[in-house]
Amino acid sequence: MAMSLGSSGDEDEVNAAINTTPLVDVMLVLLIIFLITIPVVTQTVPLSLPHETNIARQTRPENIEVSIDREGEIYWNAQPVDRDELLKRLKEVAVQQPQPEVHIRGDQKARYESIGRVVFAAQRAAIRKISFVTEPPAKG
């Protein structure tokens, strides 16, 4: 068994060129896949989205304003109440004909949990109309 350290002239030399045919094949396949799938992705369901409206609040004497401050304290027409008292008052109001609206004013820093408790109490008391009072957006 002999080992040859030199190269003989009859052997093929090493080909240093890169074969780009598989690369081009893969790129063409990816291009075809993208051309087929992009129209599917851009199709959407036709919807008619609502436009922003600013309806002036009608303040009537029978409307109830429930406010929640940033600490989660509840106020019934600017008078502090606890959750049990709120539910009791909402049940009393729910039987009135016509049923008054409940306007909920939540502080911007209030936790959603605090406002959710008020909404849940109104739901338990069978209040039919609840409104959320917000600041109108700044003009310009």
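Among Val102, Val81, Val40, Val95, which is exposed (fewer than 10 other Cβ atoms within 10 Å of the Cβ), among the hydrophobic types (A, V, I, L, M, F, W, C) and at pLDDT 90 or above?
The conditions single out Val95.
When you check Glu71 against the structure, is it modelled with pLDDT of 85 or more and in contact with a His (Cβ under 6 Å, 6 or more places away or on another chain), yes or no? Spelling it out, it is not the case that Glu71 is modelled with pLDDT of 85 or more and in contact with a His (Cβ under 6 Å, 6 or more places away or on another chain).
The values are calculated or read from the model by the stated rules, or taken from the named source; none is laboratory data. If you're wondering where the values come from, they're calculated on a predicted model, not measured in any experiment. Heads up, the Cβs are rebuilt from the backbone with ideal geometry, glycines too, and the neighbour counts pull from every protein chain shown.
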